[in-house]
Structure formats: C-alpha cells, structure tokens
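Colleague: Take this structure first; my questions come after.
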Amino acid sequence: MNPPPPRNGTEPQSEPRIIPRTDHGLGRDAFPPQALEILGRLEERGHAAYVVGGSLRDLLLGRHPKDFDIATGAHPEEVRRIFRNSRLIGRRFRLVHVYFGRHYVEVATFRATPSGREAGSVVSDEGRLLRDNVYGTERDDAYRRDFTVNALYYDAQDESLRDWVNGLADLRAGRLRLIGEPTQRYREDPVRMLRAVRFESKLGFHIDAETAAPMKDLGPLLRTVPPARLFEEINKLFLNGYAAAAFVGLRRHGLLAVLFPWTEDVVAAEASGASLAFIERSLADTDARVAADLPVTPAFLLASLLWPPTRRLAVAFHEGDGLPWHEAHVRAASVLIARQRRLVEVPRRFAEPAQEILGDQALFDGDPNGASERYLRRSRFAASLDLLRNRVGHDAEASRHALWHEAWERSGGSHHTAGARSRARFSGPGGGGQNVAPDGSRGG
Ligand code: ATP
Ligand code: MG
C-alpha cells in the first residue's frame with residue numbers, strides 16, 4: 001500500500017480548531033462597534049457570521065486594519081434585507097456593503113472554490129477562475145482563500161478564533177503559505193503571486209519554500225490577467241509605503257521580468273548598478289512620502305520604473321538615428337510607455353504625465369539658463385524635477401538639480417498645491433500624486 005502523501009496542514013479538515021481568547025489575546029473591544037453590530041444582527045437571525053481576512057490578520061499582528069471584512073452564511077439578498085442601509089455590489093462576486101454614514105463594512109457570503117462544473121463559475125483554458133460566484137460552507141470559504149494567515153475566522157460571540165488551516169501558527173512564525181497545492185492555486189488566479197510578494201513586503205513575512213517555488217515558472221501567467229486588475233494590484237504593491245521592499249521581492253521571484261521586462265533588462269545587465277540605485281532612491285522616496293501622508297501617484301512611479309530603459313533607448317535614437325537629444329528622449333518615452341501599456345493597463349491620465357516627465361529629463365542634461373520660461377512653468381515640471389533629484393542622488397552632481405530648481409522657482413513654480421493634497425486624501429492610500437495630482441492634472 002502507498003503511504004499517504006505528507007500533510008502540511010492545509011488539506012481539508014472536517015472541523016476547525018477553536019482557539020480561545022486566552023490563547024490568542026484578541027477581545028471584542030478590538031473591533032469597531034459597527035462590525036460588532038452587523039455580526040450581532042446576522043447571528044440573531046440564525047446566520048453564522050465572523051470577522052475574516054486581512055483585517056483580522058492585521059489585528060492579530062498588532063497592526064491597524066484599514067477596513068473590516070465579514071463573512072456569513074446568509075446570502076447577499078438576505079443580508080441586503082436585514083440592513084436597510086446597504087447595497088449589493090460586485091461583478092466578479094456579489095457582496096453587500098453595509099453603510100454607517102459615509103463608511104461601510106463589507107459583508108460576503110461564504111463561497112466555495114468552484115470545480116468549473118457548477119452554475120456561476122467559469123474556468124479558462126489555463127485553469128484561471130473567470131467567475132466564482134458559488135456559495136459554500138464556512139469550510140469551503142476557508143479553503144478557497146489564498147494564504148493560511150488570511151483564512152482565520154473570529155467569532156465575536158465567544159471571542160474565539162476558528163482555524164481550519166493552521167493559520168495562527170503561520171502568523172506567529174511570519175510565514176506565508178498558500179492553502180492547497182500552490183501550482184493549482186496560482187493557475188486559478190495568478191494575482192496570488194503578486195499578493196504573496198505584497199504581504200511579504202508589507203508584513204515582513206517570508207514566503208514558505210513550497211509556496212515560492214512555482215513562481216519563477218508560472219510568473220508569465222500574469223499576462224493572462226485582465227490588465228485593469230494588474231494595474232490595481234501594482235498600485236497596491238508600490239503606493240502603500242513598502243515599494244522598495246516590493247521591488248526587491250518582485251525581482252527575487254522573477255516577476256519584475258514579467259511585468260516590467262524593459263526595466264528588468266537594464267537593471268540586470270548593468271554592471272555599475274546606477275539604474276538600480278536610481279530606482280531604489282525613487283521607491284524609498286515614495287515610501288517616505290506615504291509615511292509622511294503626502295500624495296503619491298502612479299504617474300511618477302511609472303516614470304521612475306521606465307526611466308532607465310527610456311534613457312538607454314534615447315541614447316540609441318540619438319547615436320544610431322541621429323535624432324536630436326530632446327527629441328530622442330521624447331520618442332523613447334513614447335515607445336516605452338506604449339509597450340508597457342500593452343502589458344499593464346495604465347489609464348491615460350497617468351500615462352501622459354509619465355511620458356512628459358520622461359521627455360523632460362533630456363532638458364536637464366543642458367544648461368538651465370537656456371531654458372524657456374514657458375517650459376519651466378508647465379504644469380508637471382515639478383514632478384520632472386523630482387525625478388531629476390533621484391537621478392543625481394546626493395553626490396556632487398546634486399548641484400545640477402539645485403540649479404534647475406532655482407531656475408524653476410525664478411519662473412514662478414511652487415510645490416504642493418492644497419488641491420493636490422486634498423484630492424489625494426479622498427483617493428486614499430494608492431491614489432495620490434508626487435507633485436502630480438492624483439488625477440494626473442496640475443499639482444504644483
Ligand atoms: P489588505 O486589505 O491588507 O490588502 P487582505 O488580505 O484583506 O489584505 P483583500 O484583497 O482585502 O486582502 O481580501 C480579503 C480576503 O479575501 C483575503 O484576506 C483573503 O482571505 C481573500 N482573498 C482576497 N483575494 C484573494 C485571492 N486572489 N484568492 C483567494 N483569496 C483571496
Ligand atoms: Mg482587506
């Protein structure tokens with residue numbers, strides 16, 4: 001007889017492990033009253049209801065969650081009926097938002113990972129889940145989640161944790177482990193690879209060897225993900241205060257080569273490490289801005305990631321095709337932005353300023369005294385200057401930035417309008433502007 005396959009704790013069990021408050025330390029008072037109220041009302045009507053996902057994970061780690069997710073046995077229509085102040089939302093799967101003034105708590109019905117045969121689910125040729133609106137039990141709901149640390153359930157009635165997948169042990173060990181068979185789970189949803197890198201950088205966790213192993217081979221599946229979803233996920237990676245770590249993680253797992261192949265080419269081929277140092281400076285700067293609650297924008301991020309390959313192509317256009325220096329940069333920027341947008345959808349309101357910031361860089365290789373006032377006063381010039389500062393770093397060359405900055409100030413430019421800031425706050429983390437307003441318009 002064959003021995004059973006080794007178990008790693010993520011295989012389906014028939015019952016969860018119930019962990020009392022004394023063993024995890026999290027009391028009801030850690031949760032906002034609105035979340036507790038929703039749990040209470042669902043339970044009154046006989047529905048199971050728990051706090052789940054990232055909010056519970058973050059609380060257990062002593063972090064401040066940005067929102068609270070609730071999972072319940074009640075169907076969305078029932079939830080909708082129980083809470084008058086609620087809305088049904090979602091296309092990929094249906095959720096209910098329960099409103100308290102302007103704020104809402106998301107309530108999701110227990111779901112199952114569909115096999116592809118059920119009504120409501122569709123699977124692509126690569127095994128990717130295209131739709132997964134299949135309701136299930138609490139147990140199904142635990143096993144369809146991505147990482148064990150994201151699959152804990154908090155029962156506010158008795159303050160216990162319900163753990164189907166050894167999530168608490170992983171959380172305490174700082175370990176990210178996919179539930180189930182990693183290859184299959186990445187095929188179902190390649191975005192899980194980016195989520196692994198994201199939680200690794202955000203939480204300072206390490207990705208378990210089995211969970212990390214398939215990424216190098218399966219990375220290209222990210223190209224099958226709808227481009228708008230990729231853009232959203234990349235923003236989460238780079239605009240939430242841990243971009244420098246995320247960049248290192250993407251490279252380590254071979255994913256930068258999939259998402260930003262031209263950036264990876266230059267960084268990997270360059271012996272001096274100058275491009276890498278430039279990107280690290282830009283990302284560290286972005287992280288510092290997030291920490292200081294200043295706006296950051298996808299436009300500046302895109303320009304930063306594309307500057308090294310843009311420069312390389314511009315030099316080729318100049319030396320090879322004899323294009324004038326500035327024109328060579330404008331052309332190179334437009335080529336790289338267009339190529340990049342075929343991989344990851346970047347809305348025009350971010351792509352356009354990014355292209356302008358890149359083209360402007362040619363100017364800085366010349367003398368600020370020759371620059372026209374009209375040019376210096378252009379709306380996004382401040383962002384171009386920010387990128388220059390990262391190019392020259394903090395060495396002797398930094399005087400070049402200082403000279404240009406002076407010229408720009410003389411022309412009447414000024415940083416950080418109030419408008420850019422307030423708009424950024426509305427779009428929350430991941431939406432702001434680095435001297436470019438979050439909507440890509442004039443910000444300084
Ligand atoms: P954060 O909100 O801090 O970014 P999170 O873990 O809450 O992290 P969400 O995208 O808000 O992430 O998702 C909530 C929960 O839904 C996750 O904790 C996880 O259990 C589940 N989940 C989210 N995305 C996936 C996915 N692609 N595959 C499987 N489960 C997922
Ligand atoms: Mg969340």
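The values are calculated or read from the model by the stated rules, or taken from the named source; none is laboratory data. All values derive from a computational prediction rather than experimental measurement. Glycine also receives a Cβ, built like all others from the backbone with ideal geometry; neighbour counts cover every protein chain displayed.
Colleague: Could you tell me which residue of the range 35-64 is surrounded by the fewest Cβ atoms within 10 Å (Cβ to Cβ), considering only residues that are over 28 Å from F199 (Cα atoms) and of a type in the set (D, E, K, R)?
Modeller: Restricting to residues being over 28 Å from F199 (Cα atoms) and of a type in the set (D, E, K, R), the top hit is E44.
Colleague: Can you work out which of the residues in the range 65-92 that are part of a loop (DSSP other than H, G, I, E, B) and surrounded by fewer than 18 Cβ atoms within 10 Å (Cβ to Cβ) is farthest from the chain's Cα centre (by Cα)?
Modeller: Top of the filtered list is R84.
Colleague: Going by the structure shown, is P308 under 30 Å from A213 (Cβ atoms) and in contact (Cβ under 8 Å) with a residue 40 or more places away in the chain? Spell out how you get there, then give the answer.
Modeller: On the way: under 30 Å from A213 (Cβ atoms): yes; in contact (Cβ under 8 Å) with a residue 40 or more places away in the chain: yes.
Judged against the criteria, P308 is a match.
Colleague: Answer yes or no as to whether T10 is at pLDDT below 90 and in contact with a Phe, Trp or Tyr (Cβ under 7 Å, 6 or more places away or on another chain).
Modeller: Values: at pLDDT below 90: yes; in contact with a Phe, Trp or Tyr (Cβ under 7 Å, 6 or more places away or on another chain): no.
Taking the combined requirement at face value, the residue does not satisfy it.
Colleague: Next up: I'd like to check something: does the range 44-64 contain any residue that is touching a Gly at 6+ places or on another chain (Cβ under 7 Å) and either in a strand (DSSP E or B) or within 23 Å of G101 (Cβ to Cβ) (or both)?
Modeller: From the range 44-64, those touching a Gly at 6+ places or on another chain (Cβ under 7 Å) are 47-48; that's our starting set.
Checking the rest, the ones that are also either in a strand (DSSP E or B) or within 23 Å of G101 (Cβ to Cβ) (or both) come to none.
No - not one qualifying residue is present in the range 44-64.
Colleague: So in the range 234-253, with the set limited to residues that are small (G, A, S) and closer than 19 Å to T211 by Cα, which one is surrounded by the fewest Cβ atoms within 10 Å (Cβ to Cβ)?
Modeller: Looking only at the range 234-253, we keep the residues that are small (G, A, S), and these are 241, 243-246, 249.
In the following step, the residues that additionally are closer than 19 Å to T211 by Cα were identified as 245-246, 249.
Details: A245: 18, A246: 26, G249: 21.
My answer is A245.
The rows are residues; the columns are (1) more than 30 Å from A169 (Cα to Cα); (2) among the acidic types (D, E); (3) within 16 Å of ligand 1 (Cβ to nearest atom).
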{"position": "I18", "(1), (2), (3)": "no, no, no"}
{"position": "T22", "(1), (2), (3)": "no, no, no"}
{"position": "G25", "(1), (2), (3)": "no, no, no"}
{"position": "L42", "(1), (2), (3)": "no, no, no"}
{"position": "G54", "(1), (2), (3)": "no, no, yes"}
{"position": "G90", "(1), (2), (3)": "yes, no, yes"}
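Colleague: Here is a follow-up. Across the range 223-238, which residue is nearest to D287 (Cα to Cα) among those that are under 14 Å from the mean Cα position of the chain (by Cα) and away from ligand 1 (no atom under 12 Å from the Cβ)?
Modeller: Among residues in the range 223-238 that are under 14 Å from the mean Cα position of the chain (by Cα) and away from ligand 1 (no atom under 12 Å from the Cβ), the one nearest to D287 (Cα to Cα) is F238.
Colleague: Counting only residues that are surrounded by 15 or more Cβ atoms within 10 Å (Cβ to Cβ) and of a type outside the set (D, E, K, R), give me the helices (runs of 4 or more DSSP H) lying completely in the range 285-391 with at least 3 of them.
Modeller: Where helices (runs of 4 or more DSSP H) fall fully within the range 285-391 and carry at least 3 residues being surrounded by 15 or more Cβ atoms within 10 Å (Cβ to Cβ) and of a type outside the set (D, E, K, R), they are 298-321, 325-343, 348-360.
Colleague: Follow-up. Taking S14 and the conditions (1) away from ligand 1 (no atom under 16 Å from the Cβ); (2) part of a helix (DSSP H, G or I), which numbered condition does it fall short on, given that it satisfies the others?
Modeller: Failed condition: (2).
Colleague: Looking at the range 34-71 only, could you name the residues that are within 19 Å of A142 (Cβ to Cβ) and away from ligand 2 (no atom under 16 Å from the Cβ)?
Modeller: The answer is L39, L42, E43, H47, A48, A49.
Colleague: For P226, which of the numbered conditions (1) over 25 Å from A382 (Cβ atoms); (2) modelled with pLDDT of 95 or more fails to hold?
Modeller: (2)
Colleague: Could you list, in sequence order, the residues of the range 19-34 that are assigned to a helix (DSSP H, G or I) and farther than 12 Å from D155 by Cα?
Modeller: T22, D23, H24, D29, A30, P33, Q34
Colleague: Yes or no: the range 256-267 includes at least one residue that is small (G, A, S) and at pLDDT 95 or above.
Modeller: yes
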